[in-house]
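Below is one structure, written out as structure tokens; the observations come after it.
Please treat every number below as a calculation from the coordinates, not as lab data. Just so it is clear, the model here is predicted, and its values are computed rather than measured. Every residue, glycine among them, receives a Cβ derived from its backbone with ideal geometry; neighbour counts consider all protein chains shown.
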Amino acid sequence: MTADLLIEEVARIAGRAVMEPRPFANGHGTDIYLADLRDGSGRVVIKRARQPEAALDVEGWMLTYLEERTDLPVPHVHCAEKSLLIMDYIRDTGRVTPGVETGAAGHLAKLHAIKGRQYGLERDTLIGPMRQPNVWSDDWVAFFRDYRLLYTARKGVEEGTLPYSVVKDIDRIAVSLDKWITKPAAPALIHGDLWGGNVMTGADTVNAFIDPAIYYADPEIELAFIALFSTFGERFFKRYHELSPIQPGFFEERKDVYALYPLLVHARLFGGPYIEKIEHIAQRLLG
């Protein structure tokens, strides 16, 4: 799409006049542009879907949910349609400093203090480009088993992105899941996709969290995601523990169990090394 056509599309759908958009990045099935608002009031990121089945409206809904119900810093959404998402541009240094780590711990401990009545969410969401089913449930272990582990593994086999041996391992783990995890104190709101690329940083602060995959969960699944991808390090976990104590056994065992979900997601997307990590955890758990 030419710049002129994109400007016309933004004006027609979002009612916002923008200067000439500049290519900014590529996402999963999206083209991402940077543009200044013509009235001089700011700069926006424009995400435009390349496929008709895109669901950029879901990403916009999640960001708005966080903006309206939490203090977590997220970009403001100007427009959220299936094929077009427009939100504030957030500066990012790409550096994780000690201040960023401790600041992130404070933000996430506060987010996780927001409790729900059940696990799940009022609608399905996305993790990356993939559907993330949410069904309200009183049983966290069953929710994690059915709608995170088993659902994701079986979708991978259907797509041909995961070998059947992985599903067999996940099935065996699922049968005895309550051996490793139990019901948390209460469902907590989580960001859900905290790898480094989804954290926008300033000189020594977190400017924003982007691309959420929200639902109400055991907050330890968020911590496991952070540990798996080394999003933050020791300072983060030390400060988080001071604000919201991490229960014994997390680092020794539950961290790996919860890591299976993001590993399954990434294995569906990228294969190879993530499949090997799943197999390694399965071997350790199953003996």
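Quick notes on this structure:
- Rg and Dmax, both from the Cα atoms of the chain and both in Å, are 19.5, 63.
- Estimated 222 nm signal from helices in the chain, with DSSP H stretches of n ≥ 4 weighted -39500 (n - 2.57), rounded to 500: -12500 deg cm²/dmol
- Charge-dipole axis of the chain as Lys and Arg at +1 and Asp and Glu at -1 on Cβ define it, positive-most pick from PHE232, ALA203, VAL10: PHE232
- Neighbourhood charge, 9 Å Cβ-Cβ cut-off, centred on PRO184 and excluding it, Lys, Arg +1 and Asp, Glu -1: -1
- Shape class for the range 1-95, computed from the alpha carbon gyration tensor (a ≥ b ≥ c): rounded, with a/c under 1.5.
- When the Cα gyration tensor is reduced to axis lengths a ≥ b ≥ c, the ratio a/c is 1.5 or higher for the range 63-134, and with a/b not above b/c it is classed as oblate.
- Loop GluC sites (Glu not before Pro), the range 14-75 (other Cβ atoms within 10 Å of the site Cβ: 11 or fewer; DSSP): GLU53
- Student exercise, the range 151-235 dipole from Lys, Arg, Asp, Glu Cβ charges, in Debye to nearest 20: 260
- Rg ratio for the range 140-225: its Cα radius of gyration over 2.2 N^0.38 Å, N being its residue count, equals 1.31.
- At full extension, LYS115 and GLU253 could sit 47.2 nm farther apart than now, given 0.36 nm per residue minus the alpha carbon distance.
- The range 60-90 residues near the modelled ARG12 label - backbone nitrogen below 19 Å, point 7 Å along Cα→Cβ: 79-86
- Residues LYS179 and VAL135, FRET efficiency given R0 of 35 Å [Cβ-Cβ distance, rounded to 0.05]: 0.90
- For GLY120, neighbours were defined as the other residues whose beta-carbon sits under 15 Å from its Cβ, and their charges (Lys and Arg +1, Asp and Glu -1) total +1.
- Rg followed by Dmax, in Å, when the range 194-287 is reduced to its Cα trace: 14.3, 46
- Point-to-point label distance, THR64-HIS28, nm (Cα→Cβ direction, 7 Å offset): 2.2
- Extending 7 Å from the Cα toward the beta-carbon at both ARG284 and GLU242 defines two label points whose distance is 2.8 nm.
- Residue range of the chain that is longest and free of chymotrypsin sites (Phe, Trp or Tyr not before Pro) which are both DSSP loop and sparsely packed (at most 15 other C-beta within 10 Å): 1-135
- Evaluated with a Cβ-only charge set (Lys, Arg +1; Asp, Glu -1), the chain carries a dipole of roughly 300 debye about its Cα centre, given to the nearest 20.
- The chain: most fluctuating residue of LEU63, LEU223, LEU269 per GNM, C-alpha cutoff 10 Å: LEU269
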